[in-house]
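Step one of this worksheet: look at the structure below.
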Amino acid sequence: MVFFDNVALGPSPELGFATASLERDAWRRDDQDWLKQAIGSHEARFIAICKDTPVLGFAGGVLQPVFTLGAAKDLGSLGEPLFLGLENARPLFAVDVAAGHFDELKLRDDLKLIDMRSMAMQGLFTPGLLNAIGTAKAMLTWHARHGFCSNCGTASVVASAGWKRRCEACKSEHFPRTDPVVIMLAIRGDECLMGRAPQFPEGRYSCLAGFMEPGETIEDAVRREILEETGVRTGRVRYLEAQPWPFPGSLMIGCLAEALSTEITIDANELADARWFTREEVRQVLQGQHPKDITAPPRMAIANHIMQVFVDRAG
Ligand SMILES: [Zn+2]
């Protein structure tokens, strides 16, 4: 039974954004002297993001995901550098390039602007760098959308090298948020439950998923989402692994759930379809060999890995 197997997945280099090599060194975030020295040092590197899109250097056919301070300043007007941590002992920062520069950056021969999903799917960079770029994007997007205090409405300021915003008017502090999402397969014997959202590409089926709500455990959220979307009741829940998902700032929490009922009643607002798949069918889907051309989410997405766990844990 898949629930009782010791699922030790280990590092998943193909799971996008999930493998960190950054040393966050949180104690440096309030050390103004160190930060100032680090930003100006020739060792410092900067991940630059413009309109949610990473800006990459491009020279001699090679993509370069980080810039020196001089090269970053050459991109246009920059926001305040956020300290991500040390990468290979070098201070690594995230900077926002003002949105007005987007079109001119796209025209430059020495740059490429590549969206994060494509970057992850193509495996352009090491897993550690992809994690750092995802962290940079999640942080910068949060700052861009949280310029005002949610308590009193006054404009807030960046603090702790980007890991807080502080309101000088009411003294409240605000922290970059991560929105937890449960993503799971309900399993009944040799079958699992998958669905397709209306916006999915033709033929795509995947795990069910949904945002966690206040007051819920992971297990409660898994059971509620499956019940709401398909009418299927579930019991025991097993956590597998998680994936930071910077679109804009989620954590995907991968689980398996034991189905207690089989009849499906879909929530038409959430799903276009849901049905049971045998383990053999899921294997065909993952291998791109399903007779009805049903396809899986890409390998960099946790849904693909959860489906693979279900297939691998046969018997
Ligand atoms: Zn305030």
Suppose we filter the range 1-11 for residues that are within 27 Å of the chain's Cα centre (by Cα) and either modelled with pLDDT of 90 or more or open to solvent by 70 Å² or more (accessible area, probe 1.4 Å) (or both); how many remain?
3
Listed by range, strands (runs of 3 or more DSSP E) wholly within the range 26-70 having at least 3 residues that are open to solvent by 50 Å² or more (accessible area, probe 1.4 Å) are none
If I ask for residues that are part of a loop (DSSP other than H, G, I, E, B), more than 19 Å from residue 285 (Cα to Cα) and not acidic (Asp, Glu), which ones from the range 200-226 would you list?
212, 214, 215, 217
Enumerate the pairs (first residue in the range 160-179 and under 18 Å from residue 249 (Cα atoms) and within 16 Å of the ligand (Cβ to nearest atom); second residue anywhere and open to solvent by 70 Å² or more (accessible area, probe 1.4 Å) and assigned to a loop (DSSP other than H, G, I, E, B)) with beta-carbon separation below 7 Å, excluding pairs fewer than 6 apart on the same chain, so at least 6 apart or on different chains.
164/175; 174/150
Would you mind telling me which numbered condition in (1) assigned to a loop (DSSP other than H, G, I, E, B); (2) surrounded by fewer than 15 Cβ atoms within 10 Å (Cβ to Cβ) residue 14 fails?
(2)
Would you mention how many residues in the range 123-158 are more than 12 Å from the ligand (Cβ to nearest atom) and buried (at least 16 other Cβ atoms within 10 Å of the Cβ)?
19
Test set (1) at pLDDT 95 or above; (2) away from the ligand (no atom under 16 Å from the Cβ) - residue 189 fails condition number
(1)
Tell me yes or no: at least one residue of the range 193-208 is within 16 Å of the ligand (Cβ to nearest atom) and open to solvent by 10 Å² or more (accessible area, probe 1.4 Å).
no
Cβ-Cβ below 7 Å, separation at least six or inter-chain, first residue in the range 147-159 and under 12 Å from residue 171 (Cβ atoms) and touching a residue at least 24 places away in the same chain (Cβ under 8 Å), second more than 6 Å from the ligand (Cβ to nearest atom) and among the hydroxyl-bearing types (Ser, Thr, Tyr): which pairs?
149/156
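The values are calculated or read from the model by the stated rules, or taken from the named source; none is laboratory data. Only a predicted model underlies this, so the values are computations on that prediction, with no experimental measurement involved. FYI the Cβ positions are ideal-geometry reconstructions off the backbone, even for glycines, and counts take in every protein chain you see. Keep in mind that these areas ignore ligands, DNA and RNA; they rest on the heavy atoms of the full protein, side chains included. Shrake-Rupley method; radii C 1.70, N 1.55, O 1.52, S 1.80 Å.
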